[in-house]
Amino acid sequence: MATTPTDPMDDIDEDAAARGAVYATLAKAFEYPEESFHSAAADGTLEADLRACLDRTGLNVAVPSLTTDDDYKTLAARYNDIFELGYSEYTDRTDGSLEAEGPPVPLYESKYRPDHSWNDVNLDLSRAYSHYGLEIDQDERDNHDALTYELEFAGYLARREAAVGEDAAIARLDFHDRHLGHAAAGVADRLADEPGTDIYGGFGELLEAFVRADRNDLADRLEDRR
Amino acid sequence: MSRNDLTDDEADSAGISRRDFVRGLGAASLLGATGLSFADDGMDGLEAVDDPIGNYPYRDWEDLYRDEWDWDSVARSTHSVNCTGSCSWNVYVKDGQVWREEQAGDYPTFDESLPDPNPRGCQKGACYTDYVNADQRVLHPLRRTGERGEGQWERISWDEALTEIADHVIDEVQAGRYDAISGFTPIPAMSPVSFASGSRLVNLLGGVSHSFYDWYSDLPPGQPITWGTQTDNAESADWHNSDYIIAWGSNINVTRIPDAKYFLDAGYEGAKRVGVFTDYSQTAIHTDEWLSPHGGSDTALALGMAQTIVDEGLHDEAHLKEQTDMPLLVREDTGKFLRASEVGLAEDADDPEKVFVMVDADGNLRRAPGSLGERDGQHDHSKSIELDFDPQLSVERSVDTDEGSVAVRSVWENLTDELSQYTPAVVHEETGVGENTYQRIAREFAEADAAKIIHGKGVNDWYHNDLGNRAIQLLVTLTGNLGDPGTGLDHYVGQEKIWSFHGWQVLSFPTGNVRGVPTTLWTYFHAGILDNTDPDTAEKIRESIDKGWMPVYPEERDDGNRPDPSTMFVWRGNYFNQAKGNVALEEQLWPKLDLVVDINFRMDSTAMYSDIVLPAASHYEKYDLSETDMHTYVHPFTPAVEPLGEAKTDWEIFRLLAEKIQERAQERGVEPVEDRKFDRTIDLTTIYDDYVRDWETGEEEGLVEDKAAAEFILEHSEETNPEGSDEQITFDDIDEQPQRFLEAGDHWTSDIKDGEAYVPWQDYVHDKNPWPTFTGRQQYYIDHDWYLELGEELPTHKEGPEDTGGDYPLSYNTPHGRWSIHSTWRDSTKMLRLQRGEPVVYLNPEDAEERGIEDGDTVEVYNDLGSVEVQAKIYPSSEPGTVRHFFSWEKFQYPDRDNFNTLVPMYMKPTQLVQYPEDTGEHLHFFPNYWGPTGVNSDVRVDIRPSGGDTE
């Protein structure tokens, strides 16, 4: 550990900080893989340190295997296959029901919110990011409901809770209920049904389990304050 | 719970301040999780623009929904699909995201007597936002890793993608195979800057620009044949000026939604509206009378109506004498026009062999003014067709020529002979239309003050479309319904022309040397049609190519070899999905291409079968112009938001590719290459400089940005910057409000006038300029050897080719649908929910019952070429015997990736491969989208059965 007992780290809410680190890691994991991500996944340091972070959260979350034997190109191709490339398919050709018009596991919350319009989901997120002074990088912009944005935002709120003030915890709980909980469960369900997910299958399990555990913990803590 | 007591920006011993920590910088390191350092450099997608540790009381967030109807900005834009709508929209933006669009509704009114031009739009445009934000957007450059079409891709950087393409292109040019590089993009009018982006680069490379209007079978060949012009139409507002409108195979209520109001409104004003459709279509149900000829029998119906008009003396004799070839004499022995040179007339003409002969009221032979032989080229407005004598229409006599006495007859005599075959009994037998009904319609049409035909794709997709066109055109010619408000034959199929022509042309093809190719011929030639068609057609294709009437690239080399095409760029189109004969294309043409690059905002079928896909900006993320021949306005695309992901505008993409080619060419030290055909040098070491240079003014780097390219078009077009006038339309003007064009350039046949809807043909009908035909007149008689050989010198009804696709009992056609613009929106969830959500065929109940098919069944439609699995819809409005498969579903929307075109073989009509006159070709010569073989598809035969049936 880089910290010592005299480090100001002692003055930061370590549990929330660790949760923030887990969210930041998950955000990276669901982005198109970079070489550094692949290296950490291949040599096992990703799994080990993520496990260590989770140990510091006080949440009881099992960590699945998060290593890969893929070389970098294979991992990138796997990501593309699962998350990026897709087209319309039909599950039932007799009644014409449409399975998906995107990839097998879309990384957008609105795809898992059949009762909510795209606009409703995205507008609410837009206001949420905006409320906290955050904007989407326009150099390579994506929709507000992109899972990585939501995970980055969850990490941001957790770090605010760790370093600025507890009231972020209420926002975190609300964010789980309004958005991230739906996205995480949807992505995990789809990943569980998808063959050949390799490391992404593990990340799907972790995503769902961690978000659920964090949410339930927040709900317990804030039961009287909502 | 303890709290950090650092000052906000002071770093702790690990080098992290509180602000950085909340931003996510080094947060994992602070926890000692060095294995997570890849996630430790802050947030990637979200940026903290305000203080990350500022005070954000949470309760405010709960009220966020109240701000839903606030906008940061509203941008004007439209949609760049192969659609004639050109509808201006407002696009609403908040937080860098498009949320919805709304019809702009501010086209200025130019004629108070016409209905308000606003609003324009349709349900597709109203949900384009879904595409902008869709997860089927292509967001990054992709390189194929599996087989073509397999869907295996790797994301690559822009630099990697451009370098790979650039090196390939340099290799091809240096090897002299620049004419193996193809660029396919359709319809300039829908976004001329995007069209020009790739066309400009392909032009500088010496590559091949593909036609589209003929390939899509949108081009009505009868119009160049008869009127010497690609197409010229009244704007839709002119429908309102008609007293009588026949919608002939044009399903206005489905395919012309923004304009349909004029059709309905004309009815309120008292116009009679007749529909000619094989089915009781969505437009037929709104007409006053519906005629339902058998499929492919429109020619017989039109000639029957013409016979009624002539027989009852309802024709406009003055119009026919002055404006048409009807008085011209034709030799009985050869079938050729009698030339003035043969009878000692017109010896002062430049070429008396191309001057034609009439007989005046006194029986004297007279030269026909305005013939090609006395004109300076196809278009020569210094001459006139006005007559100073009264020619006879009916002539049958002999004349003395150098060769002795020759029997001659006028075109009119020949035509009336031809028409006399179309008796009521014959017409009824051929078409199924009642004898009295069609004759009454013919009479009403001839007697109306202003009568118009709206001519659609339903009659243009047949093998004999040229004959069909000529026969239907004959109705407006016989009745003199040309050149005046409310008249004409308006063929609204595809967008053949762009108003701001000159600016677009010099932007797209700066060298002035265009290696254009007829795409139908190019596609079928390289897909092996010479081995897969009848011997006569194959021979005529060879002859046309050998004589240089139609080009095919790569061209034959001096050693007699012809290389294969090697490289294809596709943008703004879905060539692979839309190709007729697609089985042969996929099996034979596609493997010849070493590199297919698709520039696209979505993964359509062409993208899926490409090697490299480059992410393009959507329509709301770029600058461009929008125009259509349905109206006379120009309005812009402006970028409401930044392109999603790594997407770039088409202009930027091709500009960057030019830059990379120049960079690599300089690094590789390549030498300039002399063009085999044109007097120019292809110098790849300066190609970027050439790409961004304004060739009109010489300004270096004047065209770096796409907005500058849009302004260039406006600046250099007569329609927006007329010569000799202070008036000019600028980009700022059209961003403020759509602007009506100020003038019509030389490629239009009438002027744009204040207070009047645009109506074509006035240059000829009113100003008496020669029509741009061989004879200088509307020409219904074509004395080309091939036409004479085939018995098509005059419009005549012929059965289509037999057994196209095999000997099957049902006719197969593929009309345009309501819920997509071709393949765009075919995969839109909203649009799919308005229909059955998957490829569907419409069947007459009798045909279905006979085959044990019920509504909703999965069925196979099949012929000798293949089989496609689709859903059956029982459609009582259909005539028996036709399978109607509304087209353009993507290949991947069918179970086996065989699509609607799988059942369509390669076939084309030789009459559309000619040059005329054969030696000089002023009247008919290949020019992309003006004259070339059409990619027809309506003669196909199929059968249908419940899915899983026996294939034998």
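The values are calculated or read from the model by the stated rules, or taken from the named source; none is laboratory data. Owing to the predicted nature of the structure, the values given are computational and were not obtained by experimental measurement. Positions of Cβ are generated from backbone atoms using ideal geometry, with glycine treated the same way; all protein chains shown enter the neighbour counts. Quick note on the areas: whole protein, heavy atoms, side chains included, nothing else; ligands and nucleic acids left out. Shrake-Rupley method; radii C 1.70, N 1.55, O 1.52, S 1.80 Å.
Of all residues in the range B:32-49 being closer than 17 Å to residue A:32 by Cβ and not aromatic (Phe, Trp, Tyr), which is farthest from the other protein chains (Cβ to nearest Cβ)? My answer is B:41.
Please verify whether the range B:788-803 includes one or more residues that are out of contact with any Phe, Trp or Tyr (no Cβ under 9 Å at 6 or more places or on another chain), touching a residue at least 60 places away in the same chain (Cβ under 8 Å), surrounded by fewer than 22 Cβ atoms within 10 Å (Cβ to Cβ) and in a helix (DSSP H, G or I). Yes: the range B:788-803 contains one or more residues that are out of contact with any Phe, Trp or Tyr (no Cβ under 9 Å at 6 or more places or on another chain), touching a residue at least 60 places away in the same chain (Cβ under 8 Å), surrounded by fewer than 22 Cβ atoms within 10 Å (Cβ to Cβ) and in a helix (DSSP H, G or I). Quickly run through the range B:833-843 and pick out the residues that are open to solvent by less than 10 Å² (accessible area, probe 1.4 Å) and either over 19 Å from residue B:940 (Cα atoms) or away from chain A (no Cβ under 12 Å) (or both). Correct list: B:837, B:838, B:841, B:843. Considering the range B:173-289, there are no qualifying strands (runs of 3 or more DSSP E) wholly inside with 3 or more residues that are closer than 30 Å to residue B:567 by Cβ and in contact with a Lys or Arg (Cβ under 9 Å, 6 or more places away or on another chain).
Residue-by-condition table, conditions (1) more than 19 Å from the chain's Cα centre (by Cα); (2) outside any strand (DSSP E or B); (3) of a type outside the set (Asp, Glu):
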position	(1), (2), (3)
B:542	yes, yes, yes
B:549	yes, yes, yes
B:555	yes, yes, no
B:562	yes, yes, yes
B:573	no, yes, yes
B:580	no, yes, yes
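Taking each residue of the range A:128-146 that is facing chain B (nearest Cβ under 7 Å) and looking for partners that are assigned to a strand (DSSP E or B) and among the small types (Gly, Ala, Ser) with beta-carbon atoms closer than 7 Å, six or more apart or interchain, yields A:133/B:48; A:134/B:48. If you filter the range B:53-78 down to residues that are in contact with an Asp or Glu (Cβ under 7 Å, 6 or more places away or on another chain) and surrounded by 19 or more Cβ atoms within 10 Å (Cβ to Cβ), you find that the one that is modelled with the lowest pLDDT is B:53. For the range A:150-165, filtered to residues that are in contact (Cβ under 8 Å) with a residue 40 or more places away in the chain and touching a strand residue (DSSP E or B) at 6+ places or on another chain (Cβ under 8 Å), the residue that is nearest to the other protein chains (Cβ to nearest Cβ) is A:152. Tell me, please, whether a residue that is in contact with a His (Cβ under 7 Å, 6 or more places away or on another chain) and at pLDDT 90 or above can be found in the range B:126-138. Within the range B:126-138, one or more residues are in contact with a His (Cβ under 7 Å, 6 or more places away or on another chain) and at pLDDT 90 or above. Listed by position, the helices (runs of 4 or more DSSP H) inside the range B:418-537 whose residues that are closer than 30 Å to residue B:695 by Cβ number at least 1 are B:501-508, B:519-526. Selection over the range B:648-695 of residues that are over 24 Å from residue B:638 (Cα atoms), touching a residue at least 60 places away in the same chain (Cβ under 8 Å), among the β-branched types (Val, Ile, Thr) and in contact with a strand residue (DSSP E or B) (Cβ under 8 Å, 6 or more places away or on another chain) gives a count of 2.
Restricting attention to the range A:136-159, the residues being farther than 21 Å from residue A:32 by Cβ and surrounded by fewer than 24 Cβ atoms within 10 Å (Cβ to Cβ) number 0. Six or more apart or on different chains, Cβ atoms under 7 Å: show the pairs whose first residue is in the range B:838-855 and in contact (Cβ under 8 Å) with a residue 60 or more places away in the chain and small (Gly, Ala, Ser) and whose second is part of a loop (DSSP other than H, G, I, E, B) and open to solvent by 50 Å² or more (accessible area, probe 1.4 Å). If the second residue must be part of a loop (DSSP other than H, G, I, E, B) and open to solvent by 50 Å² or more (accessible area, probe 1.4 Å), no pairs are left. Annotation for the range B:346-364: at least one member residue is in contact (Cβ under 8 Å) with a residue 60 or more places away in the chain, open to solvent by less than 40 Å² (accessible area, probe 1.4 Å) and in a helix (DSSP H, G or I).
For the condition surrounded by fewer than 22 Cβ atoms within 10 Å (Cβ to Cβ) and of a type outside the set (Val, Ile, Thr), what is the one hit in B:847, B:827, B:855? Before the answer, list the steps.
On the way: B:847 fails: surrounded by fewer than 22 Cβ atoms within 10 Å (Cβ to Cβ); B:827 fails: surrounded by fewer than 22 Cβ atoms within 10 Å (Cβ to Cβ).
Of the residues listed, the single one that is surrounded by fewer than 22 Cβ atoms within 10 Å (Cβ to Cβ) and of a type outside the set (Val, Ile, Thr) is B:855.
Quick grid of which residues meet (1) over 22 Å from residue B:45 (Cβ atoms); (2) in a helix (DSSP H, G or I); (3) at pLDDT 90 or above; (4) not basic (Lys, Arg):
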site	(1), (2), (3), (4)
A:67	yes, no, yes, yes
A:74	yes, yes, yes, yes
A:95	yes, no, no, yes
A:110	no, yes, yes, yes
A:130	no, yes, no, yes
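If the condition is being buried (at least 24 other Cβ atoms within 10 Å of the Cβ) and closer than 18 Å to residue B:519 by Cα, then the range B:585-627 contributes B:597, B:598, B:606.
Checking the structure you have, find out if any residue of the range B:555-573 is crowded, with 18+ Cβ neighbours inside 10 Å and on the phi > 0 side of the Ramachandran plot. Taking every residue of the range B:555-573 in turn, at least one turns out to be crowded, with 18+ Cβ neighbours inside 10 Å and on the phi > 0 side of the Ramachandran plot.
When the range B:618-652 is examined, which residues are found to be more than 23 Å from residue B:728 (Cβ to Cβ), within 20 Å of the chain's Cα centre (by Cα) and charged (D, E, K, R)? Passing the criteria: only B:650.
For the range B:893-952, which positions are small (Gly, Ala, Ser) and touching a helix residue (DSSP H, G or I) at 6+ places or on another chain (Cβ under 9 Å)?
First, the residues of the range B:893-952 that are small (Gly, Ala, Ser): B:921, B:932, B:935, B:938, B:947-949.
B:932, B:935, B:938 - these are the residues of the range B:893-952 that are small (Gly, Ala, Ser) and touching a helix residue (DSSP H, G or I) at 6+ places or on another chain (Cβ under 9 Å).
The set of residues in the range B:15-52 being touching a residue at least 24 places away in the same chain (Cβ under 8 Å), surrounded by fewer than 24 Cβ atoms within 10 Å (Cβ to Cβ) and within 17 Å of residue A:14 (Cα to Cα) consists of B:19, B:23. Among the residues making up the range B:295-315, those that are surrounded by 18 or more Cβ atoms within 10 Å (Cβ to Cβ) and not in a helix (DSSP H, G or I) are B:295, B:296, B:297, B:315.
Condition (residue is touching a residue at least 60 places away in the same chain (Cβ under 8 Å), surrounded by fewer than 17 Cβ atoms within 10 Å (Cβ to Cβ) and more than 7 Å from chain B (Cβ to nearest Cβ)) applied to the range A:16-33: is it met by at least one residue? No, the range A:16-33 contains no residue that is touching a residue at least 60 places away in the same chain (Cβ under 8 Å), surrounded by fewer than 17 Cβ atoms within 10 Å (Cβ to Cβ) and more than 7 Å from chain B (Cβ to nearest Cβ).
Can you report the number of residues in the range A:192-226 which are exposed (fewer than 13 other Cβ atoms within 10 Å of the Cβ) and part of a loop (DSSP other than H, G, I, E, B)? Number satisfying all stated conditions: 6.
Among residues that are surrounded by fewer than 14 Cβ atoms within 10 Å (Cβ to Cβ), within 24 Å of residue B:417 (Cβ to Cβ) and small (Gly, Ala, Ser), residue B:377 is not included.
Taking the conditions (1) at positive phi; (2) in contact with an Asp or Glu (Cβ under 7 Å, 6 or more places away or on another chain) in turn, residue B:234 satisfies each one other than (1). Filtering the range B:746-787 to residues that are within 28 Å of residue B:367 (Cβ to Cβ), at pLDDT 95 or above, open to solvent by 10 Å² or more (accessible area, probe 1.4 Å) and acidic (Asp, Glu) leaves B:763, B:767, B:785.
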